Amino acid sequence: MPQSASLEIHVQNVGQGDSVLVINRSLSAVKTAITTAKGAASVPANPIDYMPYAIKNGVSLAGTVTKALLVDGGDDEYGGNVLDYMAAQGVFDGTTVYRPDLSLVVSHYHDDHMAGLRSVFKERIEPKKKNDKVMLIDRLRPGTVYQAMTDKKSDPVSQRYADFQADVLGAMSVATNKTVRVYLSPGGRDAITKQQVSIDLGTGVNGIPIKATVLAAAQAVWDKGKNQVVAIASTGSTVDQNDRSVVLVLEYGSFRCLLGGDIAGNGVGPGGNFGANAADTGTKKFFSQHADVESTLGPALEAYFPKTTAWVNGQPKFTADGYCTVFKANHHGSSSSVDVHLLATVQPLVFVGSSGVKARFHSHPTQAVMNRVTPAQTAQWGRRAEGTVAADTVMVNNTIKGIYLTEVAAKVKNKAFGVSIYTASIMGDTVIRPVDETIAAVQAATSPGTALTVQVYGIGEQTLLYDPGSTLRPTAALNAASAIYPIGPFTHSDTH
Amino acid sequence: MTLTVSSVNNQYVVGGITRDPSVTAPLGRAYYQVGPHLLGFDDNFAEPVIVRAYYDPAQDPQAALALARNTVQYAGYVQFMQLSFRGMPIPPDVYGGKLADRVPYVYGRDKKFLDFMGPADARVRGVLTPFYPYNALLATSITDNATFFQHPQLNGSLWSPANLGTTQSLAASLYGEISPGLVTPADLARVLTPDNQILVLSPTPQQLAQTEAYRLALNALETTPQGNPPLAQLDESQVAAQIIGDYVLLTLPDPEELGDTLVISTATRTDGGTNVIVNLLDDYEMADLFYNAGRLALWRIRQYQIDQGVVDSEDLPQAAGRGRSGLYTPPFQFEPGEYAIQLKYWTAAVAVEQTRQQLYRTLLSGITWSALFQFDEDTGLMNFSTIKQPSLFDGYTVMDGFRAFETSLQSPRTANALIDTRNFTKAAMVRDNFAGGSKLAFIN
């Protein structure tokens, strides 16, 4: 049976950083592009293969993107890679500066998420002759930029933040085709309209909406169950930008993807992490500890995304409160993030992490997180305390069927990085696509038990490191050079 | 008397520095002996590295010859520097950071410059010969030259052939900093705000006289509040330390290398007392300061090369591989282990001699040595990693440097120029041996 995939989630390999490109693509437009470039006979039989075929065969995907959302841009050194990737995927055609169909979210103001976004806005023009200076000229203006609102207390002091803000302001200040900036107030509300922010990414199969909802921002979580914005207290007197991360849930029918920036959980017992699942707090000092956002986010996810009680045709279906099909590792798999209690809420099918060595190595992913997500290590997750039910007395099965990482260090500066990733696959750029037909089938179902399928494949390219004392682990097995998928594809299903 | 070297607690010390045999002077974690010179390096703090040089006239035939002339008044160290990128001399302001303000002393086509207080400070203090020990005038109330013949002094001592008592220094010495960091005190001041200030102490003058401010701060954070001090059981051997201007930076250990940095400074209160202030910068804020500074320095060098007509835009390396595509990706590619930048020193013992007709200066003996830098493309850090061992130099015209000094003091363009005095006044600061961070390597 032919399969198609309108929604694409590209977890780009930006080393130790994050950049996720979400694309809602017109497959009919891709088919037309292939037909025009290669002839009708070259069009793959299966629509899900159109996009990888086009990439493999150099068919331009310009004009095939209905809407796109870029969440973070990695560190500066990856900025050009992010832009090249957007160009290859048809999000940027190299000439059109203003892209109203592109939205941009900066999860928080750390260089490994924000600095690469400058390459989206600006192009560097090299000096040609004596006394010429480097110039930065406009490259691309997204339609909308979403970012946590700033205030004096929480504004980062970094130069990169100032530069990024200047870029956004510049894009907002042109005469026509201006970028619109949406400041997210605590909890993810539009700072002006006071409404919960939801980013419209068009529709997929059968007109099913695709959207990204902001559940947390600026150090607060919107808890629909309590009908209030729950502020997250800092652990110290200073503000940790990670705690202010924008948390998004991408929705497409019964498919969801949780993108939590660099938020942290508890890391140890109160977060449900015991034994080999617990963070090493031995040398960690008070100042280094992030606030626990996940413990507030979990109940908020469950309240905002309740499980289905009536199987009605035309509605998404979920068997657990707070479920998300894909869980992108918070804070690259830092030991204080991805608590067991949050996993017990999200019950993901696929876990994906972005980590590496460059620009700064942080020993991610950590062994504790790999232990928590790997079914053979943690077969069941304990739930948080609820009412009179004590924490970790109610257990849910580990639901993860696929674990994917962009790249992982083997050694750094001649010191081995020994974290076991168990059965996880190293993919380079990682593309995750829910299969349209299964989205439609679950939407149409009138009783439980319909499968939702997700396809995952990898590009494989890894960071070129300078220091011979630093190396990366090999990727998953590459396909033959003639294959349109460099790594995979792999498919995973759960039932709704 | 001849200088002797011994080891105390893994640190080398110099004996024979005065007529009292019990007196020793610090040398460092590593040292070289070249001719009549001892050159030691102390890297307890990653930056600045403290360099100490001792010139033993008793070991130098040139000194014997000069003494035979019966014209030597005194002798001391002067020091000159030169920055180069892949062998091309570059001015200090192109390199940038804490060396940028050395421009007033740059001379010659090879861009050498004097390592000394700024022209304005030198003029005010009536300095005629830029002996390195005179930098102590910036921080002390010394009013006569004779004081510099005694040991110890903040930036080293001068040597006199006369017998000036038990505490007279029997060697010429130099205590200085190798402080090539690209982050300046002004850069740091920009990111220190009331919002990231975590502690203010008001110690007594006696406490401050006995204990360095950073030590008071660390002690407080390790012990208070009682029961839950934020730095309880801190393993100080894992702390990495450096000094930028008046700021002491202590980076705390962390299993995920996300350790915060305490920035400790002092400020004068309205009542005349001194507060010790602690600000906290997280790993990302430190990275923004330090990791980008190396890339920006390389772009300044690139611009300088273009302006000098050495290269043009066609020479830019092609972007190669993932992770080398940013707005600030360096315009050069480096071989692993390549020492792209060299900070070369000429450390010279110079005598002031006097005849009936004139006062003049004579080079007795000098050594040249280098601080070598590696640029880590993976992190963007410009690392001062290595010391190239010293050798005796000849053929270097110290007198050109003196002429440049005199010109700088007289030229309206440079006479009022300032060089950050903190480059010279911290050499005597007591430093705990923080073992975190990188340590220097030494090569031939």
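Every read-out reported here was derived from the displayed coordinates using simple, explicitly stated rules and does not represent laboratory data. Predicted, not measured: the structure shown is a model, and the values here were computed from it. Please note: Cβ atoms are built from the backbone with ideal geometry, for glycine as well, and neighbour counts cover all protein chains shown.
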- Item | Net charge over other residues, Cβ less than 12 angstrom from the Cβ of B:Val127 (K, R count +1; D, E count -1) | 0
- Message: With a cut-off of 8 Å between alpha carbons and a minimum separation of six or more residues, what is the relative contact order of segment A:60-156 in percent?
- Response: 32
- Note on the structure: Counting other chain Cβ atoms within 10 Å of each Cβ in A:153-159 and taking the mean gives 6
- In sequence order, calculated HN-Hα J values of segment B:54-60 (Karplus, 6.51, -1.76, 1.60; Hz; x Gly/Pro): 10, 10, 9, x, 5, 9, 10
- Prolate/oblate/rounded label for segment A:164-214 (Cα gyration tensor, a/c 1.5): oblate
- Query: Which lysines have a Cα lying under 30 Å from the Cα of A:Lys411, excluding residues fewer than 8 positions away in the same chain?
  - Reply: A:Lys284, A:Lys285, A:Lys328, A:Lys358, A:Lys401, B:Lys388, B:Lys439
- Note on the structure: Any residue on another chain or 5+ positions along whose placed amide H is under 5 Å from the amide H of B:Gly118 is listed here as B:Ile419
- Task: Would you grab the residues whose amide H sits under 5 Å from the one on A:Ala410? Only those 5+ places off in sequence or on another chain, please, with H modelled 1.01 Å from N.
- Result: A:Thr471, A:Leu472, A:Arg473
- Task: Using the Karplus curve 6.51 cos²θ - 1.76 cosθ + 1.60 with θ = phi - 60°, work out ³J(HN,Hα) for each residue of segment B:26-40 in order, rounded to whole Hz, and write x for Gly and Pro.
- Result: x, 10, x, 6, 9, 8, 10, 10, 10, x, x, 10, 10, 10, x
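Arranged by the count of other C-beta atoms within 10 angstrom, fewest first, what order do B:Val49, A:Val230, A:Val22 take? Spell out each step's value before the answer.
Numbers: B:Val49 23, A:Val230 17, A:Val22 26.
Fewest to most other Cβ atoms nearby, the residues stand as A:Val230, B:Val49, A:Val22.
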- Message: Treating only the Cβ of Lys, Arg, Asp and Glu as charged (+1, +1, -1, -1), what charge dipole size does segment B:34-131 show about its Cα centre? Round to the nearest 20 debye.
- Response: 380
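Shape verdict for chain A, please, from the Cα gyration tensor: rounded (a/c under 1.5), prolate (a/b greater than b/c) or oblate. Before the final figure, lay out the partial values.
On the way: a/c = 1.29, a/b = 1.10, b/c = 1.17.
Rounded.
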- Query: PRE reach from B:Thr407 (point 7 Å along Cα→Cβ): which of segment B:94-111 fall under 13 Å by backbone N?
  - Reply: B:104-111
- Task: Please say if segment A:93-204 is rounded, prolate or oblate, where rounded means a/c under 1.5 for a ≥ b ≥ c the square roots of the C-alpha gyration tensor eigenvalues, and otherwise the choice is prolate for a/b larger than b/c and oblate otherwise?
- Result: oblate
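In percent, how large is the relative contact order of segment A:155-239, given Cα pairs closer than 8 Å and 6 or more residues apart?
Details: 102 pairs, mean separation 17.2, N = 85.
Relative contact order comes out at 20 percent.
Among residues other than A:Asp436 whose Cβ falls under 12 Å from its Cβ, what is the net charge (Lys/Arg +1, Asp/Glu -1)?
Details: positive: A:Arg25, A:Arg433; negative: A:Glu8, A:Glu437.
Net charge around A:Asp436: 0.
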- Item | Reachable lysines from A:Lys31, criterion Cα separation under 29 angstrom, eight or more residues apart if same chain | A:Lys56, A:Lys67, A:Lys211
- Item | Phi to ³J(HN,Hα) by Karplus 6.51 cos²θ - 1.76 cosθ + 1.60 over segment A:101-112, Hz, x for Gly, Pro | 7, 10, 10, 9, 10, 9, 5, 6, 9, 9, 4, 6
- Message: Charges on Cβ only, +1 for Lys and Arg, -1 for Asp and Glu, centred on the Cα centroid of chain B; of B:Phe80, B:Gly40, B:Pro185, which one is farthest towards the dipole's positive end?
- Response: B:Phe80
- Note on the structure: Expected max-MSF residue from B:Val311, B:Val183, B:Val34 in the GNM of chain B (alpha carbon, under 10 Å) is B:Val311
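Averaged across the residues of B:230-242, what count of C-beta atoms belonging to other chains lies within 10 Å of each residue's C-beta? Don't skip to the end; give the middle numbers.
On the way: counts 7, 3, 2, 3, 2, 3, 0, 0, 1, 0, 0, 0, 0.
Going residue by residue through B:230-242 and averaging, the value is 2.
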- Query: Taking the Cα centre of chain A as the origin and placing charges on Cβ (Lys, Arg +1; Asp, Glu -1), which of A:Thr179, A:Met370, A:Val105 is farthest toward the positive end of the dipole?
  - Reply: A:Thr179
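Using a simple charge model, +1 on the beta-carbon of Lys and Arg, -1 on the beta-carbon of Asp and Glu, nothing else, what dipole does segment A:105-235 show about its Cα centre, in debye to the nearest 20? List each step's numbers first, then the result.
Numbers: 19 positive and 13 negative charges, 55 e Å.
The dipole of segment A:105-235 has a size of about 260 debye.
Run lengths n ≥ 4 of DSSP H only: what is the helix-derived mean residue ellipticity at 222 nm for the protein assembly as shown, with -39500 (n - 2.57) per run over all residues, to the nearest 500? Present the calculation step by step, with values, prior to reporting the outcome.
Working: 19 runs with 170 residues, N = 940.
Mean residue ellipticity at 222 nm (helix-derived): -5000 deg cm²/dmol.
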- Ranking A:Trp311, A:Trp381 by Cβ neighbours within 10 Å, fewest first, what do you get? A:Trp311, A:Trp381
- If we count other beta carbons within 10 Å of each Cβ, what is the order of B:Thr251, B:Thr421, A:Thr366, fewest first? B:Thr421, B:Thr251, A:Thr366
- Could you work out the mean count of beta carbons from other protein chains within 10 Å of each residue's beta carbon in A:74-85? 5
- Positive-end residue, chain A charge dipole about Cα centroid, Cβ charges, pick of A:Ala480, A:Leu464, A:Ile210: A:Leu464
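Below 8 Å, C-alpha to C-alpha, sequence gap of six or more: please give me the relative contact order for segment A:422-475 in percent.
Working: 57 pairs, mean separation 24.9, N = 54.
Result for segment A:422-475 is 46 percent.
So what's the net charge close to A:Thr296: Lys and Arg +1, Asp and Glu -1, counting the other residues with Cβ under 13 Å from its Cβ?
Details: positive: A:Lys224, A:Lys226, A:Arg384; negative: A:Asp223, A:Asp243, A:Asp292, A:Glu294, A:Glu302, A:Asp339.
Once positives and negatives cancel, what remains is -3.
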- chain B: most fluctuating residue of B:Asp43, B:Asp378, B:Asp187 per GNM, C-alpha cutoff 10 Å: B:Asp378
- Item | Cα-centred dipole magnitude for segment B:315-444, charges only on beta-carbon of K, R (+1) and D, E (-1), debye, nearest 20 | 400
- Message: For A:Arg141, what residues show an amide H to amide H distance below 5 Å, using hydrogens built from the backbone and excluding near sequence neighbours?
- Response: A:Tyr98, A:Arg99
